[in-house]
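Working notes, beginning with the structure itself.
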Amino acid sequence: MKDLNSLLPILQCPQCQDGKLSVEDDSRELLCAVCATRYPVTYGRPVLLRPDNVVFCLEDYRLASQHSPEVSVVGIARFIPNPSVNLASDHVLARVRNLLAERPSVTVLVVGGGRQRQWLDERLGAGDTVRVVYSDIDVGADVDLFCDGHDLPFVPSAFDAVITTAVLEHVLYPERVAGEIYRVLKVGGLLYSELPFMQQVHEGAYDFTRYTLSGHRRLFNGFTEIESGMVAGPSTALVWAIENFVLAFISRAILRKAAKAVVRICFSWVKYFDYFLVNRPEAMDGASCTYLLGCKIEGHIPDAEIIARYVGAKHLRHT
């Protein structure tokens, strides 16, 4: 319970959005001091979902395993290339780490942590002065707590930085989640966000939204931009398009897996053109994914300024 107890000072009840949470004597539940809502604790990880959540049921997490076992890549799968590149995360996270190093101690929240703990801990320098809190809705995620991004269970201004990569396309109300991220960040806190633009559905029924870079900026208009750009460009988008064109003719699961493998082996080399396109504004109009590194301000960036910061080839005017 050591890790859970260390979380308690920054937790708040997602139901009433006011009450502090305490650990019950049997350590199996957290209790809100204001509305008396109870939240299960699974293997030391609280499940902080509103009881009236219509998509994710609180009870489904009570018997959740600690986390899914690591799955090693075996057989031919290890030779199947990834169809995407990531031109941003390494250097931007290094910049985040350097900016955070200027502060005596920091707490970072990862919204939609999945199984990124080891990878992100290394890049953020997690340790005595950098604490990273991982959250997700997926029962198989390696996280410190389960929660819904629409109702982040944290007190205001709890964090020095928030990281969210390829998450907000999977939520019902991205503006609400963005607002929650803004709320739990300190003024001057950092945001690193990656969002897809030209990508096909990749999480089935839980896939809702896509954003241009301008839309990405508008979603997080409570942040001044430190830098932004392309995570993956039109070359990656082209590989995904070819793959999904082929899959459109195939319904059987085993044949779809085989077709994916063939397409990726034959066409994944195309993605490397993104390294030549990364600094070309013309490529941004067809980017597969964009990123934004920003700093929380009091107030919002005017829409006219966001429009003026457009990066691309189509410089149109309607007035």
| query | Of all residues in segment 103-156, how many are at pLDDT 95 or above, among the acidic types (Asp, Glu) and farther than 19 Å from Asp60 by Cα? | reply | 2
| note | When restricted to Phe220, Phe249, Phe245, Phe208, the only residue modelled with pLDDT of 95 or more, in the same structural domain as Asp148 (by TED's automatic domain parsing) and crowded, with 16+ Cβ neighbours inside 10 Å is Phe220
| remark: If we keep only residues of segment 91-115 that are touching a residue at least 24 places away in the same chain (Cβ under 8 Å) and either outside the structural domain of Ser228 (by TED's automatic domain parsing) or polar (S, T, N, Q) (or both), then the residue surrounded by the fewest Cβ atoms within 10 Å (Cβ to Cβ) is Ser105
| query | Within segment 288-296, can one find any residue that is surrounded by fewer than 16 Cβ atoms within 10 Å (Cβ to Cβ) and assigned by TED's automatic domain parsing to the domain that holds Leu195? | reply | no
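Here's the yes/no breakdown for (1) surrounded by fewer than 18 Cβ atoms within 10 Å (Cβ to Cβ); (2) small (Gly, Ala, Ser):
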site: Val130; (1), (2): no, no
site: Phe154; (1), (2): no, no
site: Ala158; (1), (2): no, yes
site: Leu172; (1), (2): yes, no
site: Glu175; (1), (2): yes, no
site: Ser193; (1), (2): no, yes
| request: State whether the residues of segment 263-284 include one that is in the same structural domain as Ile163 (by TED's automatic domain parsing), among the charged types (D, E, K, R), assigned to a helix (DSSP H, G or I) and loosely packed, with under 13 Cβ neighbours inside 10 Å. | output: yes
| Residue that is farthest from Arg62 (Cα to Cα), among those in segment 5-39 that are surrounded by fewer than 15 Cβ atoms within 10 Å (Cβ to Cβ) and polar (S, T, N, Q) | Ser6
| query | In segment 132-152, which residue that is touching a residue at least 60 places away in the same chain (Cβ under 8 Å), in contact with a Phe, Trp or Tyr (Cβ under 8 Å, 6 or more places away or on another chain) and not hydrophobic (A, V, I, L, M, F, W, C) is surrounded by the most Cβ atoms within 10 Å (Cβ to Cβ)? | reply | Asp144
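Every residue, every condition in (1) part of a strand (DSSP E or B); (2) among the charged types (D, E, K, R), yes or no:
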residue: Glu102; (1), (2): no, yes
residue: Gly127; (1), (2): no, no
residue: Val132; (1), (2): yes, no
residue: Leu191; (1), (2): yes, no
| message | List pairs: first residue in segment 176-195 and more than 24 Å from Ala232 (Cα to Cα), second residue modelled with pLDDT of 95 or more and in a helix (DSSP H, G or I) anywhere in the structure, Cβ distance under 6 angstrom, at least six positions apart or on different chains. | response | Arg176/His150
| said: Tell me yes or no: at least one residue of segment 292-306 is closer than 18 Å to Asn86 by Cα and either part of a helix (DSSP H, G or I) or at pLDDT 95 or above (or both). | reply: yes
| message | Just the residues that are more than 23 Å from Leu185 (Cβ to Cβ) and among the aliphatic types (A, V, I, L, M), please, taken from segment 1-29. | response | Met1, Val23
| note | Subset of segment 45-62, residues surrounded by fewer than 15 Cβ atoms within 10 Å (Cβ to Cβ) and either among the hydrophobic types (A, V, I, L, M, F, W, C) or modelled with pLDDT of 85 or more (or both), comes to Pro51, Asp52, Val54, Val55, Cys57
| Answer from Lys296, Lys257, Lys314 - the residue that is farther than 16 Å from Arg218 by Cα, in contact (Cβ under 8 Å) with a residue 24 or more places away in the chain and not hydrophobic (A, V, I, L, M, F, W, C) | Lys314
| task | Sort out which residues of segment 1-45 are part of a strand (DSSP E or B), among the β-branched types (Val, Ile, Thr) and over 24 Å from the mean Cα position of the chain (by Cα), and write them in order of number. | result | Val23
| task | Answer with yes or no whether Asp90 is among the acidic types (Asp, Glu) and modelled with pLDDT of 95 or more. | result | yes
| If you take the residues of segment 116-128 that are more than 14 Å from Ala161 (Cβ to Cβ) and more than 17 Å from the chain's Cα centre (by Cα), which of them is surrounded by the most Cβ atoms within 10 Å (Cβ to Cβ)? | Glu122
| said: Just checking, does segment 68-82 include any residue being crowded, with 18+ Cβ neighbours inside 10 Å, under 26 Å from the mean Cα position of the chain (by Cα) and either in a strand (DSSP E or B) or modelled with pLDDT of 85 or more (or both)? | reply: no
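The values are calculated or read from the model by the stated rules, or taken from the named source; none is laboratory data. Not measured: the values here are computed from a predicted model. Using ideal geometry, Cβ is built from the backbone for each residue, glycine included, and neighbour counts are taken over all protein chains shown.
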